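Student: If you scroll down you'll find the structure; I have some questions about it.
The values are calculated or read from the model by the stated rules, or taken from the named source; none is laboratory data. The structure presented is a predicted model; accordingly, all values stated were derived computationally and were not measured. Cβ coordinates were reconstructed from backbone atoms using ideal geometry, including for glycine residues, and neighbour counts include every protein chain displayed. Accessible surface is based on the protein model in full, side chains and every heavy atom, while ligands, DNA and RNA are left aside. Shrake-Rupley method; radii C 1.70, N 1.55, O 1.52, S 1.80 Å.
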Amino acid sequence: MIPTPLQCRMFEFLCRNGEECIQHEYVCDGENDCVDGSDEENCSQFCSNQGMFECESGNKCIEERYRCDGFPHCPDGSDESSCWVATAECALRCDNDSHCVPESWLCDGSPDCLDQKDEQSCVQEECTEQEFQCKTGQCVSYSFRCDGDYDCKDHSDEEGCIIPKLQKCRSDEFRCLRTGECVLEAWKCDGDMDCKDGFDEQDCESGEVQCAIKEWRCTSQECIPDFWLCDGEEDCKDGSDEMTCKPRKCKGYEFQCDTTCIHYTRVCDGIRDCVNGSDEGGRCAIPCQRSCSQICYKTPAGPKCACNKGFRLSRDGRSCRDINECKDPTYEETCSQTCLNAVGAYKCICHPGYLLEPDRHTCKVGGSEPMLLVAVQFDLILYGLRSMKEDVILTTEKDLIIFSIDYDLVDQKIFWMDLNAKSIKWMNTKTKERGSLVKGIRSDCIAVDWIGRNLYWTDGTAGQILATKLNGTWRRNPEYTVVLEEDLDQPRSLALHPLDGMMYWAEITSDPHIEEASMDGNNRRILIDTGLGWPTSITLDLVSWRIFWSDDKLHSFGSAKLDGTDIKVFQLPQIHSPFSVTVFEDNVYWSEMKTRTVQKVNKRTGKNRAVLIKRHGQPYGLKVYLKKLSSSSGEVALPNYMTLPLTNTVPLTVTDYSVHNSAFYFAEWEGNFIKMLTIKDAGRSSLKKVLPVEGAVISLALDWLSGNIYWIDKRPAISVATATGQYSYVVIGDELHRPISMALHPPTATMCLADLGPEGRSKIECAFMDGSRRRVLWRRSQKPIGLSIVEAGSWLYWADQAKGVVERIRLDGTRFRVVQGSLRGLKLFAAGEGMMVWTTAPGNGSTRVWYNKLEQTIERRWFQVGQNLVDVKIYSQLSQQGSNGCAEKNGGCSQLCLPVPGGRNCKCAHGYNLERGTECVEAMKCLPPFRACADDSKCITMAQICDRRLDCSDGSDERGCSYPDRERSQVTGRPQIPSVSQAATKTTSGKATAKEPTTGVVYVQPEITQYYKKTSKTQKVTTATTQTLPVSRWQKTTPLTAQKREWPVVTQAVLISGLEPQPCSSETCNMRGDCTVKGDTVKCHCSLGYSGEYCEVEVRSRSGPVILSIIIILLIAMAAAAGFIFFWKQRTRERTSSTSSTRFLTYQKDRELEENVLENETVINDAYEPEQELRAPLPTDKGTDI
């Protein structure tokens, strides 16, 4: 018979031997994928085909669509050469093409390249017809030309202007001597020339100045904050703040000179580097022979140990320990946003939408230019934070004042409070359409909830916080809701955190404080009540997870964590009367009432002050106007996202999220714990350690219906724990080699896992979530990751890192298919919600996140982030719905409830045993020299281990034994264990008596020692007449049994030779007798009804059948009487009713019940309620047999 030739599928290549098929993209890829190497033959001809690109090395070709995709597919990287094209997100490449600069960063006055290439070849920007171009190239609105305010940094907008007729200056102004213009008194001697003739900066020398409490006076007579003193930077004009400082403490790799530090390699090198020459001479000739953990170097005092950068010398002077730069006080504020510690180093990373600067510490937002929205009296000004461009986008009537402002980033609307008109108005920034939201109200501050689509405001006069809908329209009657008014005195400023559902406000009473509450007014508490004078404005910085405020009384601004801790206050001479404050990137911006300016300083140090706007008009509200964050590079914009406060943590390994609990679960490399962050309480000490684990967690999955946590750590096992971490259990611990990924589908109680196996023989298998019914689905993957169960639990998706493909299979093991191919640099994968997401690493330190629909595998979209992603999950409110046997009240289980299709199984943690199907009782404790069986059901001696006899009910005493004769004979049970058809008895001396015939049936569990329920005071074993289930083999002695010791049964056992006699207790005798030790012999004096070496066998009384017969006769008589009454009443009902209800009763013997527990998918137990049973079986998807 001629065999049928192998047929390859579409997009597959048939090898010459006709025995195997490979994917088409593996043809001529430089590697032999066919056994006969035919896939690498005639490659020159193959590469000349249309749509193919041949690598310059000549030994490989790729599809043309993979050229210039950001990933080198050719061994020589020729497919990515000459590919770069300037875009708005990457307008310039610098620093040897290692750094990409967005267009908005070019020529902004702040070098973003180490070689400053982004600030070279700059030309003046072309201003629009409505703008005036300053000599420096800056563009300002033409309405600012000759208005008496210097809007150009070079003051060119006020040059050539006709000086108006002299007018009387106001009380807070003075007249310039020669040019005649009026200038604010607060601008005199402020370092800026505001008079055209420079009169305001003349005769500014003054006597001794008086500094504030938290300030330090320089010798040059200026005041600086006291924490600037001896910080390594000269802040005084004469540098006096750094003159009398103690020498800094040298680092682990430095040598201490008199006042300075030098590198250890410059010590004893024959050159005097220290001023006093203390680095040379002395004992420099002594060779370095110390046992240092890292570095030993010569010094004038003899050999010393040193440490590499990132380490600190321990107290022993020899060993080195890692420095956690993210937490060490000397490295405070090392990173602009997030700091990740590593051994001997640390790494700064940025939030999505931000890029890391070449200094590797500072994060700067990408995309379009951020703008500062400023309310200056009756004008609304847009100020470019990169270009310094000023533009008036809104002007109201002269008698109206724009007091407080905010904007809606969803609809691109600006909202403002009109103080004199007592109304809240809005303008669409795209269409310029304007309108009123609400009228007839008084407000000090407004805030937009862009998620809930509401607008909040404070009324300091009425002492209220109110809200209205964002999409509301004015209908003559104001429509709003009072959110909070109880115990509110003078709420001054308001800030919202919509992602967290929280609001914050400041009270300016005699007892000033900052409070927080839920956005519905609940959960109210005081956040900060110290270090406050008159907090005029508050704002949130979600990047650093801090709250900032300005203080008019203390002339300062401060900040604290969102839990109210780590309070920092900056008192600066330039802060006089702050009105509004906002934070962006590394700067804090505020409007100054006294000097009528808008200024900025570094939010961490208070340094690098700059004046952005200085006008005669009074500035009020401030907001940073930022368009939707875009990706740093890529095809699509970065989607909406939220950031969690996980700063200063070691790198994470795995994550998962519970929508129901709003809880984020994660594990760290060195944490040894699974932790939980409650999102609603983020930033307010809500981080909790839930579960201790052994080493790094490899995979993590939540049963979001029961709250159970499943995980894989360094042990080759699948473990589960309750939501609180109180109880844990090993679900699968056998036949696993190296499990690396798992997935759950709680509604169907299905669990799947990927195991690499020995010698690369990986497999994917699935089971019920209690570990039962294991079955292998697939064995041909190499390194499967990101297992995901989708489509109502019928399909399993995963990615293969080794092959660079995405694969899927039905959970019945059919319809396997490769979904995506040629995914080079594949790192992470997840599927769900009708889509799949995976990540790749191009090799430039960034990560690309790809996604597309499950059924659409051709079109792929991606965005790029500058972070090292460690895990990816897909979730939604819809995906985490359903029910299983453990969703309600823990399924009635006292400890662990593990769901199975149609029911559940109760499990107990180690040290407990399951009783009555739902309750967990503490297992017996075996005292030396005894040992407990693996199931804690019994105590045995060492002599009973590997003696070819099953003494433990679970057979653990004969597991893994190597017998001396190397021939494993059949392991049998103990001779005293009765069989199904006969029972053996022992005399008090331990000898077996003659077997007696039996007339009944005794329940026997296969290969498990049986114990018999005692029924009377007699000690003899009789035949059983009824079928009974075994009781607990470690049941405690009751008062009744304590009286049944008239004829005790005495047994004995020999202790292990060489061990000293140990005291014993009733636990040794299974709580069924008294234990004594005489010499090397342990004796158990068993209670009535028990026998065996350790009282493990229950015996039955002969009087049992007699008593049972009497009870049965009485029950029959009672049942007959009840039946007669029942049928008489039933007959009466049928005469008066046309219908009657019937009930179908079923009966199942105990033996059949036990078999169903082992074989059926539905588990029956004591907590099972028959009325909850479905009338019909649950349908499966197209006949899938899970």
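Student: If a residue counts only when it is closer than 21 Å to Asp149 by Cα, touching a Ser or Thr at 6+ places or on another chain (Cβ under 9 Å) and not aromatic (Phe, Trp, Tyr), which strands (runs of 3 or more DSSP E) contained entirely in the stretch 316-424 have at least 3 such residues? Let's see the steps before the verdict.
Tutor: On the way: elements: 320-322, 338-342, 345-349, 354-356, 363-365, 371-376, 379-384, 390-395, 402-408, 413-418.
Because the criterion is at least 3 residues that are closer than 21 Å to Asp149 by Cα, touching a Ser or Thr at 6+ places or on another chain (Cβ under 9 Å) and not aromatic (Phe, Trp, Tyr), the strands (runs of 3 or more DSSP E) in the stretch 316-424 that meet it are 371-376, 379-384, 390-395.
Student: Still on this structure, I have one more. Among what's in the stretch 846-862 and is open to solvent by less than 60 Å² (accessible area, probe 1.4 Å) and modelled with pLDDT under 75, pick the residue that is nearest to Gly366 (Cα to Cα).
Tutor: So the residue we want is Ser846.
Student: What is the one condition in (1) surrounded by 12 or more Cβ atoms within 10 Å (Cβ to Cβ); (2) modelled with pLDDT under 90 that Pro303 does not satisfy?
Tutor: (2)
Student: Report yes if Ile262 is over 22 Å from Ser556 (Cβ atoms), at pLDDT 85 or above and not in a loop (DSSP other than H, G, I, E, B), otherwise no.
Tutor: yes
Student: Within the stretch 700-738, restricting attention to residues that are touching a helix residue (DSSP H, G or I) at 6+ places or on another chain (Cβ under 9 Å) and aliphatic (A, V, I, L, M), which residue is surrounded by the most Cβ atoms within 10 Å (Cβ to Cβ)?
Tutor: Among those residues, the one meeting the criterion is Leu702.
Student: Also, I was wondering about something else. Checking Ala802 against (1) in a loop (DSSP other than H, G, I, E, B); (2) more than 30 Å from Tyr26 (Cα to Cα); (3) open to solvent by 20 Å² or more (accessible area, probe 1.4 Å), which test does it fail?
Tutor: It is condition (2) that Ala802 fails.
Student: Here's another thing I want to ask about it. On the basis of being open to solvent by 40 Å² or more (accessible area, probe 1.4 Å) and in contact with a Leu (Cβ under 9 Å, 6 or more places away or on another chain), does Ser336 make the cut? First the steps, then the outcome.
Tutor: Working: open to solvent by 40 Å² or more (accessible area, probe 1.4 Å): no; in contact with a Leu (Cβ under 9 Å, 6 or more places away or on another chain): yes.
No: the conditions fail for Ser336.
Student: Oh, and also: Based on this model, can you work out whether Lys165 counts as over 30 Å from Cys236 (Cα atoms) and modelled with pLDDT of 80 or more?
Tutor: Against the criterion (over 30 Å from Cys236 (Cα atoms) and modelled with pLDDT of 80 or more), Lys165 does not qualify.
Student: Between a first residue in the stretch 381-405 that is at positive phi and a second residue that is surrounded by 18 or more Cβ atoms within 10 Å (Cβ to Cβ) and modelled with pLDDT under 85, which pairs have beta carbons less than 7 Å apart while being 6 or more apart in sequence or on different chains?
Tutor: Between residues of the stretch 381-405 that are at positive phi and residues that are surrounded by 18 or more Cβ atoms within 10 Å (Cβ to Cβ) and modelled with pLDDT under 85, the close pairs are Met388/Gln138.
Student: Condition first: among the charged types (D, E, K, R) and part of a strand (DSSP E or B). Now tell me which residues in the stretch 489-504 satisfy that.
Tutor: Filtering the stretch 489-504 for residues among the charged types (D, E, K, R) gives 489, 492, 500.
If the condition is that a residue be among the charged types (D, E, K, R) and part of a strand (DSSP E or B), then Arg492 is the only one that fits.
Student: Out of the residues in the stretch 208-222 that are open to solvent by less than 50 Å² (accessible area, probe 1.4 Å) and part of a loop (DSSP other than H, G, I, E, B), which is farthest from Pro573 (Cα to Cα)?
Tutor: The qualifying residue farthest from Pro573 (Cα to Cα) is Ser220.
Student: Of all residues in the stretch 324-364, which are of a type in the set (D, E, K, R) and either without any contact (Cβ under 8 Å) to a residue 60 or more places away in the chain or farther than 25 Å from Phe227 by Cα (or both)?
Tutor: Listed by number, the residues that qualify are Glu325, Asp328, Glu332, Lys347, Glu357, Asp359, Arg360, Lys364.
Student: OK, next. What number goes with the only condition from (1) farther than 17 Å from Ser822 by Cβ; (2) assigned to a strand (DSSP E or B) that Cys83 does not pass?
Tutor: Only one criterion in (1) farther than 17 Å from Ser822 by Cβ; (2) assigned to a strand (DSSP E or B) is unmet by Cys83, namely (2).
Student: Scan (1) in a strand (DSSP E or B); (2) within 15 Å of Gly606 (Cβ to Cβ) for the single condition Phe255 breaks and write down its number.
Tutor: (2)
Student: Residue by residue through the stretch 514-541, note down the ones that are polar (S, T, N, Q), open to solvent by less than 30 Å² (accessible area, probe 1.4 Å) and more than 16 Å from Thr458 (Cβ to Cβ).
Tutor: Ser518
Student: For residues that are at pLDDT 85 or above and more than 21 Å from the chain's Cα centre (by Cα), tally how many sit in the stretch 816-832.
Tutor: The qualifying residues number 5.
Student: Given the options Asp359, Asp391, name the one that is among the acidic types (Asp, Glu), within 30 Å of Arg604 (Cα to Cα) and crowded, with 18+ Cβ neighbours inside 10 Å.
Tutor: Asp391
Student: Looking at Glu19, Glu80, can you tell me which residue is under 30 Å from Asp97 (Cα atoms) and either under 39 Å from the mean Cα position of the chain (by Cα) or at pLDDT 80 or above (or both)?
Tutor: Just a single option satisfies the conditions, and that option is Glu80.
Student: Which residue pairs have Cβ atoms closer than 7 Å, lie 6 or more positions apart in sequence or on different chains, and pair a first residue in the stretch 22-38 that is over 15 Å from Ser822 (Cα atoms) and modelled with pLDDT of 80 or more with a second residue that is open to solvent by 30 Å² or more (accessible area, probe 1.4 Å) and outside any loop (DSSP other than H, G, I, E, B)?
Tutor: Within 7 Å, the pairs are Asn32/Glu40.
Student: Out of the residues in the stretch 270-300 that are over 12 Å from Phe255 (Cα atoms) and in contact with an Asp or Glu (Cβ under 8 Å, 6 or more places away or on another chain), which is surrounded by the most Cβ atoms within 10 Å (Cβ to Cβ)?
Tutor: Only one residue tops the list, namely Arg272.
Student: Condition first: at pLDDT 80 or above, within 36 Å of the chain's Cα centre (by Cα) and assigned to a strand (DSSP E or B). Can you find one or more residues in the stretch 54-61 that meet it?
Tutor: No.
Student: State all residues of the stretch 878-897 that are open to solvent by less than 40 Å² (accessible area, probe 1.4 Å) and touching a Ser or Thr at 6+ places or on another chain (Cβ under 8 Å); if no residue qualifies, say none.
Tutor: Result: Gln880, Asn884, Cys886, Ala887, Gly891, Cys893, Gln895, Leu896, Cys897.
Student: Give me the pairs, please: first residue somewhere in the stretch 687-701 and in contact (Cβ under 8 Å) with a residue 40 or more places away in the chain, second residue anywhere and assigned to a loop (DSSP other than H, G, I, E, B) and open to solvent by less than 80 Å² (accessible area, probe 1.4 Å), beta-carbon distance under 8 Å, and either six or more positions apart or on two chains.
Tutor: Filtered contacts from the stretch 687-701: Ala696/Asp713; Val697/Asp713; Ile698/Asp713.
Student: Can you tell which of Arg16, Arg65 is out of contact with any Lys or Arg (no Cβ under 6 Å at 6 or more places or on another chain), open to solvent by 50 Å² or more (accessible area, probe 1.4 Å) and in a loop (DSSP other than H, G, I, E, B)?
Tutor: Details: Arg65 fails: in a loop (DSSP other than H, G, I, E, B).
Within the list Arg16, Arg65, the selection yields Arg16.
Student: Residue under question is Lys623, and the condition is that it be over 16 Å from Lys364 (Cα atoms), part of a loop (DSSP other than H, G, I, E, B) and not hydrophobic (A, V, I, L, M, F, W, C); does it hold?
Tutor: For Lys623, the condition - over 16 Å from Lys364 (Cα atoms), part of a loop (DSSP other than H, G, I, E, B) and not hydrophobic (A, V, I, L, M, F, W, C) - is not met.
Student: What is the one condition in (1) open to solvent by 60 Å² or more (accessible area, probe 1.4 Å); (2) farther than 30 Å from Leu385 by Cα; (3) small (Gly, Ala, Ser) that Gly77 does not satisfy?
Tutor: (1)
Student: (1) open to solvent by less than 60 Å² (accessible area, probe 1.4 Å); (2) under 28 Å from Leu394 (Cβ atoms): which one isn't true of Gly198, the others all being true?
Tutor: (2)
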